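The values are calculated or read from the model by the stated rules, or taken from the named source; none is laboratory data. Because the structure is a prediction, the values reported are computed rather than measured. Neighbour counts are summed over all protein chains in view; Cβ atoms, including those assigned to glycine, are modelled from backbone coordinates with ideal geometry. Only protein heavy atoms, including side chains, enter the accessible area calculation; ligands, DNA and RNA are left aside. Shrake-Rupley method; radii C 1.70, N 1.55, O 1.52, S 1.80 Å.
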Amino acid sequence: MRALRMLGSSVGTKIILAFTGLALFGFLIVHLYGNLLAFLGPASYNEHAHELISNPLIIPAELGLVALFLTHIVKAIGNFGKNRSARPQAYGVKKWAGGPSRKSLASTTMIFSGLAVLLFVVIHLKLFKYGPVYTDAVTGNRDLFRLLLDDFHKPGYVVGYVLAMLIIGLHLRHGISSATQSLGIVPESWTMQVLRGGMALAMLMAILFAIIPIAVYFGVIR
Amino acid sequence: MRIHLTVWRQAGPNVGGAFHAYTAENVSPDMSFLEMLDVVNEQLIKKGEEPIAFDSDCREGICGTCGFMISGIPHGSQPHTTVCQLHMRKFNDGDSFTLEPWRAKAFPVLKDLVVDRSAFDRIIQAGGYTSVNTGGAKDANNILIGKDIADAAMDSAECIGCGACVAACKNASAALFTSAKITHLSLLPQGQVERTTRVLNMVERMDTEGFGSCSNEGECEAVCPKGISLKNIATMNKEFWKAVLQS
Ligand code: HEM
Ligand code: FES
């Protein structure tokens, strides 16, 4: 069918990348909410985690998330390869054009920031979701709060996490506004506002995520 | 003025090329960049050497035939200007430039600074047209179009097809060129008949020709002599998924 075949075209690929990217960003917002509960203490934090994990919809939701993530990665790598081969001979001299161009460190390093995020996600899952299981003596639920404290009293982990959040922030600094362009969902007159808003949102999210390990390390979360 | 040039010389398609250094003497500030090259070529011809091949036609900045990289930027660093309208008075005596052809798989080098841009023609052939009844010439304003729509369509129709967008893009993407035509025709009543097939056919052709995809960086808009906006690409993508859903 033509429609399906067209999804594999350059524009179709970018639309899929944008859709999956924004969906992953949506997940990150929900995830950030859960993380920030750490500031309210172990009870709220662990209870939220328990509610999530005991919800019958958690397995389909997790599978959906994995599917989004894998689709994004496979499409991004394929797209990168095709784009590379579109210019077999490099320029002797090439400069950034400046002016209305939005080319930035973020936009030129998407594949690297993306691959770094992938590496981070693997480590992150191993440390937390599939990490040591402590049990809360009172509720009998998993005590993830204790794991949080354990891990982020190690300065190496704090530095690693803050770095990873900066990289995700970089990916999304270009990614959010790029995705709205790829989907063509922004009214023309709003293009600049969405561009700036996307950048601000990416930075805000990275900072809020990064605050948590720092707060644990300095004993604000305890 | 004296201008120092490092120029890509390539004898023909499918052969190697290399940079060669030249000096243009007695350049008048009133000359365009191409006229400066004409002077260099006269000197080369007198010396019995092969002149530097470059494309040009109107030399008025309206036909889109001219264009090459000047020190890493298509058409040079002056915004909204083709090389034929770039004047030497913008530069200083003793300046140096590196001249290179557009580089893209879909734009093979024919000779020196000349590339084959017929891939653009084939994208237009795939859908950049409207079907109308032939016959006697229609009256002007037979079809009424609001001024705001006519203006917006004209903004997209301004593209002269020079290929600078492809040359500037890190992905050698033809998205700006293709989207300008799709946007132009999608705005006008005459473009409605082929609206859904047009976007699919043109995108398909763009891929077949070997252009890359758009990363929304906007280098293309920055170098476009006509200032075609990146918003055209957002419109193309919207037209695209609407067409996919409809087909
Ligand atoms: C939490 C994880 C991630 C989120 C939230 C995310 C989000 C996004 C978003 C919103 C975009 C913009 C799409 C567009 O340009 O239309 C994007 C693009 C991109 N993503 Fe991700 N991404 C994530 C993980 C990854 C991973 C693991 C990779 C690894 C390969 C990756 C590689 C890319 C690349 C290469 C692009 C740019 C595509 C282009 O230049 O056109 N991303 N991402
Ligand atoms: S020669 Fe016609 S635009 Fe430059």
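Looking only at residues of the range B:164-176 that are more than 15 Å from ligand 2 (Cβ to nearest atom) and part of a helix (DSSP H, G or I), we find that the one that is farthest from the other protein chains (Cβ to nearest Cβ) is B:176. Being open to solvent by 60 Å² or more (accessible area, probe 1.4 Å) and either assigned to a helix (DSSP H, G or I) or among the small types (Gly, Ala, Ser) (or both) is the filter here, so list the residues in the range A:1-16 that pass it. Those that are open to solvent by 60 Å² or more (accessible area, probe 1.4 Å) and either assigned to a helix (DSSP H, G or I) or among the small types (Gly, Ala, Ser) (or both): A:2, A:4, A:5.
Scanning the range A:205-218 for residues that are farther than 16 Å from residue A:22 by Cα and either assigned to a helix (DSSP H, G or I) or of a type in the set (A, V, I, L, M) (or both) yields A:207, A:208, A:209, A:210, A:211, A:212, A:213, A:214, A:215, A:216, A:217. Just one of the numbered conditions (1) within 14 Å of chain B (Cβ to nearest Cβ); (2) out of contact with any Cys (no Cβ under 9 Å at 6 or more places or on another chain); (3) open to solvent by less than 50 Å² (accessible area, probe 1.4 Å) is not true of residue A:37; which one? Of (1) within 14 Å of chain B (Cβ to nearest Cβ); (2) out of contact with any Cys (no Cβ under 9 Å at 6 or more places or on another chain); (3) open to solvent by less than 50 Å² (accessible area, probe 1.4 Å), only one is false for residue A:37: (1). Of the residues making up the range A:112-157, those that are within 16 Å of ligand 1 (Cβ to nearest atom), more than 14 Å from chain B (Cβ to nearest Cβ), out of contact with any Phe, Trp or Tyr (no Cβ under 9 Å at 6 or more places or on another chain) and not basic (Lys, Arg) are A:115, A:116, A:117, A:119, A:122, A:123, A:125, A:128. Based on what the data block shows, is residue B:183 buried (at least 24 other Cβ atoms within 10 Å of the Cβ) and not hydrophobic (A, V, I, L, M, F, W, C)? The answer is yes for residue B:183. Residue check: is residue B:215 more than 7 Å from chain A (Cβ to nearest Cβ) and either part of a loop (DSSP other than H, G, I, E, B) or buried (at least 21 other Cβ atoms within 10 Å of the Cβ) (or both)? Against the criterion (more than 7 Å from chain A (Cβ to nearest Cβ) and either part of a loop (DSSP other than H, G, I, E, B) or buried (at least 21 other Cβ atoms within 10 Å of the Cβ) (or both)), residue B:215 does not qualify. Residues satisfying the criterion are present in the range B:111-119 (criterion: more than 14 Å from the chain's Cα centre (by Cα) and either within 14 Å of chain A (Cβ to nearest Cβ) or surrounded by fewer than 16 Cβ atoms within 10 Å (Cβ to Cβ) (or both)). Residue A:186: in a loop (DSSP other than H, G, I, E, B), under 30 Å from residue B:237 (Cβ atoms) and more than 16 Å from ligand 2 (Cβ to nearest atom), yes or no? In short, yes. Residues in the range A:87-123 that are surrounded by 14 or more Cβ atoms within 10 Å (Cβ to Cβ), in a helix (DSSP H, G or I) and over 17 Å from the mean Cα position of the chain (by Cα): A:108 alone.
For every residue, the table says whether it meets (1) surrounded by fewer than 17 Cβ atoms within 10 Å (Cβ to Cβ); (2) in contact with a His (Cβ under 7 Å, 6 or more places away or on another chain); (3) among the β-branched types (Val, Ile, Thr); (4) modelled with pLDDT of 95 or more.
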position	(1), (2), (3), (4)
A:126	yes, no, no, yes
A:130	yes, no, no, yes
A:136	no, no, no, no
A:145	no, no, no, yes
A:151	no, no, no, yes
A:164	no, no, no, yes
A:170	no, no, no, yes
A:178	no, no, no, yes
A:182	no, no, no, yes
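Set side by side, the residues B:64, B:76, B:161 differ, and just one is assigned to a loop (DSSP other than H, G, I, E, B), within 16 Å of ligand 2 (Cβ to nearest atom), on the phi > 0 side of the Ramachandran plot and within 14 Å of chain A (Cβ to nearest Cβ), which is B:76.
Number of residues in the range B:12-23 that are in contact with a Lys or Arg (Cβ under 7 Å, 6 or more places away or on another chain) and closer than 13 Å to residue B:112 by Cβ equals 4. Just to be sure, is residue A:193 open to solvent by 50 Å² or more (accessible area, probe 1.4 Å) and polar (S, T, N, Q)? Criteria met by residue A:193.
Between A:160, A:156, A:169, A:175, the distinction of being closer than 27 Å to residue B:239 by Cα and away from ligand 2 (no atom under 16 Å from the Cβ) belongs to A:175 only.
The number of residues in the range B:118-158 that are assigned to a loop (DSSP other than H, G, I, E, B) and within 16 Å of ligand 2 (Cβ to nearest atom) comes to 1.
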